[in-house]
Amino acid sequence: MLIGMYHARVDVATEDRLVQGFASGVVRCMVATIAFSLGIDVPDVRHVFLPGFPRGIISLYKALFSIWKK
């Protein structure tokens with residue numbers, strides 16, 4: 001699998017498979033909501049694309065922190 005899709009309605013088994021695949025490098029690209037970046041700890045993330053500007057300063061802080069914590 002090269003591309004994974006992660007969102008709030010992903011079941012637990014799929015979530016585990018996606019997270020493990022992304023951490024191991026099997027999933028090369030993850031299309032996901034901000035919730036994915038809050039729960040993943042992968043040191044070699046190279047690019048994060050935000051499709052729009054976050055709605056508020058708190059959302060902006062969370063998005064930037066999830067990128068910079070790597």
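The values are calculated or read from the model by the stated rules, or taken from the named source; none is laboratory data. Model, not experiment: these values are computed from the prediction. Every residue, glycine among them, receives a Cβ derived from its backbone with ideal geometry; neighbour counts consider all protein chains shown. Note: accessible area is taken over every heavy atom of the protein model, side chains too, but ligands, DNA and RNA are not part of it. Shrake-Rupley method; radii C 1.70, N 1.55, O 1.52, S 1.80 Å.
I'm checking my understanding of the structure. Among residues of region 1-38 that are open to solvent by 60 Å² or more (accessible area, probe 1.4 Å) and of a type in the set (Ser, Thr, Tyr), which one is farthest from the chain's Cα centre (by Cα)? By that ranking, first place goes to SER24.
Residue pairs whose Cβ atoms lie under 8 Å apart, separated by 6 or more positions or on different chains, with the first residue in region 5-22 and farther than 20 Å from PRO43 by Cβ and the second assigned to a strand (DSSP E or B) and open to solvent by 40 Å² or more (accessible area, probe 1.4 Å), are MET5/VAL31; MET5/ALA32; HIS7/ALA32. Within region 11-27, does at least one residue satisfy the condition of being assigned to a strand (DSSP E or B), more than 15 Å from ALA63 (Cβ to Cβ), out of contact with any Lys or Arg (no Cβ under 7 Å at 6 or more places or on another chain) and among the aliphatic types (A, V, I, L, M)? Scanning region 11-27 turns up no residue that is assigned to a strand (DSSP E or B), more than 15 Å from ALA63 (Cβ to Cβ), out of contact with any Lys or Arg (no Cβ under 7 Å at 6 or more places or on another chain) and among the aliphatic types (A, V, I, L, M). Take the residues of region 48-70 that are part of a loop (DSSP other than H, G, I, E, B) and farther than 13 Å from ALA32 by Cα: which is modelled with the highest pLDDT? Here the residue is GLY56.
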